[in-house]
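Following: one structure in structure tokens, then a few remarks.
The values are calculated or read from the model by the stated rules, or taken from the named source; none is laboratory data. The structure displayed is predicted, hence computed values, not measured ones. In this analysis, Cβ positions are derived from the backbone assuming ideal geometry, glycine residues included, and neighbour counts consider all displayed protein chains. Calculation scope for accessible area: heavy atoms of the full protein, side chains included, ligands and nucleic acids excluded. Shrake-Rupley method; radii C 1.70, N 1.55, O 1.52, S 1.80 Å.
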Amino acid sequence: MESVQAIKQRFGIIGNSPALNRAIEKAIQVAPTDISVLVTGESGVGKESIPKIIHQLSHRKHNKYIAVNCGAIPEGTIDSELFGHEKGSFTGATQTREGYFEVADGGTIFLDEVGELPLTTQVRLLRVLENGEFLKVGSSKVQKTNVRIVAATNVNMFEAIQKEKFREDLFYRLSTVDIHLPPLRERQEDIHLLFRKFASDFALKYKMPTVKLTDNAIQLLIKYRWSGNIRQLRNIAEQLSVLEQNRTISAETLRSYLPSTGTNLPAVIKTSKSESDFSSEREILYKVLFDMKSDLNDLKKLTMELMKHGNVKDVEKNNESLIQKIYGNANDEDTDYEDTTDTPEVISIPEHNQKVEDVETNLDKYHFAEEIEEEETLSLQDKELELIKKSLERHHGKRKLAAAELGISERTLYRKIKQYDL
Ligand SMILES: Nc1ncnc2c1ncn2[C@@H]1O[C@H](COP(=O)(O)OP(=O)(O)OP(=O)(O)O)[C@@H](O)[C@H]1O
Ligand SMILES: [Mg+2]
């Protein structure tokens with residue numbers, strides 16, 4: 001059996017804290033079996049190395065290793081991605097396609113961000129885990145596969161189970177063995193070591209002398225909270241390596257690179273929209289614009305309905321919730337100041353999928369309006385992109401926090417990240 005030290009070297013893992021060593025040791029022990037493993041730990045702690053170690057040290061190492069980011073695949077296509085589909089099973093399914101579970105037969109699948117799997121997919125996954133059986137989307141033919149599953153999550157699975165977002169039976173099936181990677185702040189002995197390694201890597205990469213920290217800077221580095229963990233530390237090391245002329249970094253200089261500087265108190269994590277803090281007026285203005293845009297689209301929809309049906313009473317009856325959303329409650333005096341907390345997806349801009357065939361009148365005008373809207377939407381999309389980018393930066397790529405700040409669901413944020421290729 002390879003030693004923990006040898007594995008660290010082989011997989012480029014830096015650190016010597018007992019908790020890290022234990023996690024690697026567990027991975028080595030469990031690798032030769034087919035037991036399902038759940039890797040847990042905060043974002044950026046290095047979860048992705050564990051499934052690689054397990055696969056490479058298993059008898060499956062000559063077969064496929066497929067890493068799937070469950071959170072990044074839209075809900076509508078995830079079953080087909082994982083289990084494949086039959087030709088004609090949905091619009092656009094022009095060919096029969098193999099899913100990852102078929103392709104990785106004999107190998108290992110790493111299900112990253114497994115907590116994001118939709119409940120229907122969880123049912124399919126449970127079946128594969130129990131007896132290796134699965135069905136392609138649109139097929140009734142049971143297929144068999146022999147895949148070892150390693151999953152990872154940075155969300156609290158017990159909370160997800162309580163909120164009925166994750167099946168309890170699947171959780172226990174996935175986590176036969178749990179490998180936990182501790183946050184960086186609980187591995188203080190590794191922090192400076194990691195920094196030195198990253199600083200030397202970036203010095204090589206950018207062909208500059210290696211940055212070094214003064215004693216005070218080292219103390220600050222060690223005491224900092226590192227809520228983005230190793231990913232954040234690497235990021236700071238890169239920024240310092242590129243931007244600092246003076247290659248000896250003082251505590252003061254280092255502090256200027258650390259968010260919520262000057263303290264080692266836990267970072268304040270804002271989770272609810274009401275606490276959302278858009279730091280500049282410009283951003284607040286964009287937000288207002290998006291809200292207005294959303295109202296405008298609702299109004300357009302209502303106008304279309306009126307144009308189509310003509311009967312005000314019917315339209316009123318069929319669009320009760322929409323009317324309520326735009327005009328508020330008839331009894332409510334503050335109708336102009338709609339509380340947007342009930343419509344959290346405010347930054348999503350509706351797609352242009354309205355059908356115009358039915359509209360018999362004013363076709364020219366309608367097209368004209370569409371053209372204007374197209375331009376307007378483009379610039380709004382730029383702003384939306386900027387808003388998302390900033391929020392992700394602010395939260396060191398943590399989508400959950402960014403989504404909360406933006407007031408949209410995590411899944412909507414994933415869709416947008418994909419849409420904008422972020
Ligand atoms: N012990 C380590 N030594 C060297 N680099 C590390 C170590 N742990 C993590 N890293 C680096 O930190 C970055 C983040 O690691 P990784 O992608 O595995 O995080 P994660 O736990 O999967 O986070 P998330 O939940 O956000 O996906 C990667 O660039 C990885 O190479
Ligand atoms: Mg990851």
Legend entry - Exposure ranking of His85, His309 by accessible area [1.4 Å probe, largest first]: His309, His85
Inset, instruction - Within the range 196-235, which residues have the backbone N less than 20 Å from the label spot 7 Å out from Gln245 along Cα→beta-carbon, could you tell me? - result: 203, 206-214
Inset, instruction - Taking all protein chains together and a probe of 1.4 Å, list Tyr206, Tyr420, Tyr414 from the most accessible to the least accessible. - result: Tyr206, Tyr420, Tyr414
Inset, instruction - Rounded, prolate or oblate: pick one for the range 1-70, where a ≥ b ≥ c are the square roots of the eigenvalues of its C-alpha gyration tensor, a/c under 1.5 means rounded, and failing that, prolate if a/b is larger than b/c, else oblate. - result: oblate
Legend entry - Added length on full extension, which subtracts the Cα-Cα distance from 0.36 nm per residue, Thr91 to Ala19: 21.0 nm
Inset, instruction - Please give the solvent-accessible surface of Lys26 in Å², to the nearest 10, using a probe radius of 1.4 Å with every protein chain present. - result: 90
Legend entry - Out-of-range pairs (alpha-carbon distance over 28 Å; input Lys61/Lys416; Lys26/Lys64; Lys144/Lys418; Lys317/Lys383): Lys61/Lys416; Lys144/Lys418; Lys317/Lys383
Legend entry - Karplus 3J(HN,Hα) series, Hz, for the range 31-46 with 6.51 cos²θ - 1.76 cosθ + 1.60 (x for Gly, Pro): 3, x, 8, 9, 4, 6, 10, 10, 9, 10, x, 4, 4, x, 8, x
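Sort Asp314, Asp215, Asp112, Asp295 from largest to smallest accessible area, using a 1.4 Å probe on the heavy atoms of the protein chains.
Result of the area sort, largest leading: Asp215, Asp314, Asp295, Asp112.
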Inset, instruction - Please report, to two decimal places, log10 I(q)/I(0) for the range 108-201 at q = 0.13, 0.14, 0.16, 0.22 Å⁻¹ as given by the Debye formula with identical point scatterers on the Cα atoms and no solvent. - result: -0.59, -0.65, -0.77, -1.13
Inset, instruction - Mind checking the full-extension length gain between Ala67 and Arg255? Use 0.36 nm per residue of separation minus the Cα-Cα distance, one decimal, nm. - result: 64.0 nm
Legend entry - Area accessible to solvent at Glu393, 1.4 Å probe radius, in Å²: 130
Legend entry - Area accessible to solvent at Arg10, 1.4 Å probe radius, in Å²: 110
Legend entry - Principal axes of the range 14-127: Cα extent on each, largest first, Å: 53, 29, 24
